[in-house]
Amino acid sequence: MTARAAGRFITLEGGEGAGKSTQIARLRSWLEGQGHAVTATREPGGSPGAEMIRKLLVEGPAERWDGTTEALLHFAARREHLRSTVWPAMARGEWVISDRFADSTMAYQGYGHGLGRAVFEQLYALAVGDFRPDLTILLDLPVETGLARAAARRGTETRYESLPRAFHEQVRAGFREIAAREPDRCVVIDATQSIDAIAAAIEGAVRARLAA
Ligand SMILES: Nc1ncnc2c1ncn2[C@@H]1O[C@H](COP(=O)(O)OP(=O)(O)O)[C@@H](O)[C@H]1O
Ligand SMILES: [Mg+2]
């Protein structure tokens, strides 16, 4: 496996419209201001091969794939993203911040589509090994608020957004349960706050957990 001890890996998680992309940009400039070299990336995608798989996942009708196929595609893209983008950047000593990572697969395919945790963990071990984020920020907000925000910026990537309200409720509950299971890795932030207040909370968490 690639040497990657020097850098850090921070992931932002949450439902549609939670503010992940907005906060990735804020976190990037703050970390750069602290003197760190930063790679900002996203999942699914984040490398040329993984972006090809992303298109299969985020476009088209909701019933295109079942939960297991979706999970396989996400983990294929994730492995490619880690090998091509994340691990090389970390080996260069960079701080890598990713808009979504494996918790999204557990939340959407696991809690949302009923894929079991055991299957998730097997796929994780196969595709990712024992690598974990150093810190995960969960942006938590009511489903209604998130979907309304997402609708305002709607493009072609509507496959997940078009799933029923009950699905998104399961995803939200799933994310909160994941964070509760792994409190050393995860910090939950109230994403109904202002963009500035959330950015400050994220900076506080990064300082406290990673001595940025
Ligand atoms: N804290 C916030 N309060 C109000 N609107 C926000 C906030 N954060 C982001 N937005 C807006 O909501 C929409 C979705 O935000 P985005 O960062 O794209 O969410 P995500 O990447 O989690 O789907 C964007 O139009 C963004 O400008
Ligand atoms: Mg986004």
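The values are calculated or read from the model by the stated rules, or taken from the named source; none is laboratory data. Keep in mind the model is a prediction, meaning the values are calculated, not measured. Cβ sites come from the backbone with ideal geometry, for glycine too, and all protein chains shown count toward neighbours.
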Pairs with Cβ under 7 Å, 6+ apart, first in the range 16-31 and assigned to a helix (DSSP H, G or I), second within 6 Å of ligand 1 (Cβ to nearest atom): K20/G14; T22/I195; Q23/I198
Taking the range 62-121, which residues are more than 16 Å from E161 (Cα to Cα), touching an Asp or Glu at 6+ places or on another chain (Cβ under 7 Å) and of a type in the set (S, T, Y)? S98
Based on what the data block shows, is A91 of a type in the set (A, V, I, L, M, F, W, C) and either within 16 Å of ligand 1 (Cβ to nearest atom) or out of contact with any Lys or Arg (no Cβ under 8 Å at 6 or more places or on another chain) (or both)? no
How many residues are touching a helix residue (DSSP H, G or I) at 6+ places or on another chain (Cβ under 6 Å) and over 18 Å from S21 (Cα atoms) if we restrict to the range 187-212? 1
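Listed here are the residues, each with its yes/no results for (1) modelled with pLDDT under 95; (2) under 14 Å from the mean Cα position of the chain (by Cα).
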| residue | (1), (2) |
| --- | --- |
| M1 | yes, no |
| G19 | no, yes |
| E32 | no, no |
| A37 | no, no |
| S47 | no, no |
Total residues in the range 18-53, condition within 13 Å of ligand 2 (Cβ to nearest atom), in contact with a Ser or Thr (Cβ under 7 Å, 6 or more places away or on another chain) and not charged (D, E, K, R): 2
Residue check for R92: at pLDDT 95 or above, under 15 Å from the mean Cα position of the chain (by Cα) and either away from ligand 2 (no atom under 13 Å from the Cβ) or surrounded by 18 or more Cβ atoms within 10 Å (Cβ to Cβ) (or both): no
Which members of the range 32-45 meet the condition of being over 15 Å from E157 (Cβ atoms) and either within 13 Å of ligand 1 (Cβ to nearest atom) or outside any helix (DSSP H, G or I) (or both)? Q34, G35, H36, A37, V38, T39, A40, T41
Do we have any residue at all in the range 202-211 that's in contact with a Pro (Cβ under 7 Å, 6 or more places away or on another chain) and under 22 Å from L82 (Cα atoms)? no
Quickly run through the range 50-71 and pick out the residues that are within 18 Å of the chain's Cα centre (by Cα) and either surrounded by 15 or more Cβ atoms within 10 Å (Cβ to Cβ) or β-branched (V, I, T) (or both). A50, E51, I53, R54, L56, L57, V58, G67, E70, A71
Name the single residue, out of those in the range 6-20 being in contact with an Asp or Glu (Cβ under 6 Å, 6 or more places away or on another chain) and farther than 16 Å from H36 by Cα, that is nearest to ligand 1 (Cβ to nearest atom). K20
Exactly one of these conditions fails for F9: (1) more than 15 Å from R153 (Cβ to Cβ); (2) surrounded by fewer than 16 Cβ atoms within 10 Å (Cβ to Cβ); (3) within 12 Å of the chain's Cα centre (by Cα). Give me its number. (2)
The conditions are (1) surrounded by 14 or more Cβ atoms within 10 Å (Cβ to Cβ); (2) within 16 Å of ligand 1 (Cβ to nearest atom), and S29 fails exactly one of them. Which is it? (1)
Tell me the helices (runs of 4 or more DSSP H) entirely within the range 138-212 that contain at least 1 residues that are surrounded by 13 or more Cβ atoms within 10 Å (Cβ to Cβ) and under 15 Å from the mean Cα position of the chain (by Cα). 165-181, 195-210
